[in-house]
Amino acid sequence: MFRVQREELVDEITRKGITDLAVIKAIGIVPREKFIEKTMHHMAYKDVALPIGYDQTISQPYTVAFMTQLLNIKKPGMKILEIGTGSGYQAAVLFEMQADVYSIERNVDLHHRATKLFDKLGIRVHAKFGDGTIGWKEFAPFDGIIVTAGSPVIPKNLKEQLAVGGRMVIPVGDRKSQKLYLLKKVSENEFESEVIPEFTFVPLIGREGWKR
Ligand code: SAM
């Protein structure tokens with residue numbers, strides 16, 4: 001089911017400029033319909049964000065592909081931390097790319113829903129309920145960190161928990177509009193940053209995020 005629609009989505013993100021073959025392959029495999037309500041299945045392969053309840057969304061496939069491409073996942077087993085599990089789709093794409101995925105969600109219901117789905121689909125992701133702005137120290141350092149909600153600042157903990165040579169992709173800005181940052185950790189306390197304008201995200205709420 002949905003094979004043709006998935007292929008059309010792959011064509012669409014490729015047309016829009018995604019070039020990383022591993023990302024394209026993963027988007028062509030992960031069944032996005034499983035991460036949304038049945039009533040929205042007809043929208044599953046449209047290149048749009050969709051509601052998943054609790055005022056949250058499953059990100060637009062192009063955004064998932066674009067941010068994942070920025071992580072530059074080039075070998076199996078790279079340790080990636082995701083902040084904002086949401087539906088679990090982004091984590092599933094990373095898992096499909098053979099990353100070792102750690103994902104944190106602050107909404108307990110979304111966390112439970114995603115972990116149940118991961119079990120059902122055989123997606124092996126380390127998922128935790130909590131405030132992702134604090135990171136996941138026990139498993140640090142991470143080769144990549146992807147933050148899927150907009151943040152007022154780049155959380156200090158996340159910078160610390162990034163491995164030297166690692167990359168962080170994070171939308172930063174005010175509540176209405178954010179710029180996408182690509183941060184590369186070049187040494188223990190040196191970062192190179194690049195700004196990629198054009199995306200907007202729902203707010204990241206937490207100790208180093210928005211207060212509510
Ligand atoms: N990656 C998700 C997916 O594939 O469906 C998209 C998630 S949605 C755009 C952003 C998510 O970030 C929401 O589920 C929201 O509850 C979560 N979030 C916001 N602030 C957070 C925080 N401080 N820690 C963890 N999750 C957070």
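The values are calculated or read from the model by the stated rules, or taken from the named source; none is laboratory data. Treat the numbers as computed from the prediction; the structure is a model and nothing was measured. Cβ: placed from backbone, ideal geometry, glycine included. Neighbour counts: every protein chain shown. The protein model used for the area step is the full one, side chains on, heavy atoms only, and it has no ligands, DNA or RNA in it. Shrake-Rupley method; radii C 1.70, N 1.55, O 1.52, S 1.80 Å.
Only one residue of 68, 209, 14 has its Cα farthest out toward the positive end of the dipole of the chain, where Lys and Arg carry +1 and Asp and Glu -1 on Cβ, and that residue is 209.
Placing +1 on the Cβ of every Lys and Arg and -1 on the Cβ of every Asp and Glu, with nothing else charged, gives the chain a dipole about its Cα centre of roughly 280 debye.
In terms of distances greater than 32 angstrom between alpha carbons, the cross-link table entries 46/185; 34/79; 128/176; 128/211; 25/185 yield 46/185. Compactness of the stretch 63-199 was expressed as the Cα radius of gyration divided by 2.2 N^0.38 Å, which yields 0.97. Our summary gives the stretch 63-199 a relative contact order of 20 percent, counting only alpha carbon pairs under 8 angstrom and 6 or more residues apart. Ignoring any ligand, DNA or RNA, what whole percent of the accessible area of the stretch 60-202 comes from carbon and sulfur when the probe is 1.4 angstrom? After summing per-atom areas, the C and S share lands at 49 percent.
Since only 4, 169, 135 are under comparison, the one whose Cα sits farthest along the positive direction of the charge dipole of the chain, derived from C-beta charges on Lys, Arg, Asp and Glu, is 135.
What stretch of the chain, leaving out the sites themselves, is the longest with no GluC sites (Glu not before Pro) in a DSSP loop having at most 16 other Cβ atoms within 10 Å?
Answer - 38-187.
At a probe radius of 1.4 angstrom, the accessible area of the stretch 56-103 per residue rounds to 28 square angstrom. Taking a straight Cα-Cα cut-off under 16 Å and skipping sequence neighbours fewer than 8 places away in the same chain, the aspartates and glutamates within cross-link reach of residue 74 are 20, 96, 100, 143.
Per-residue accessible area (protein heavy atoms, 1.4 Å probe) orders 207, 113 as 207, 113, starting from the largest.
For helix 61-71, what angle does its Cα long axis make with the longest principal axis of the chain, in degrees from 0 to 90 and rounded to 10? It works out to around 40 degrees.
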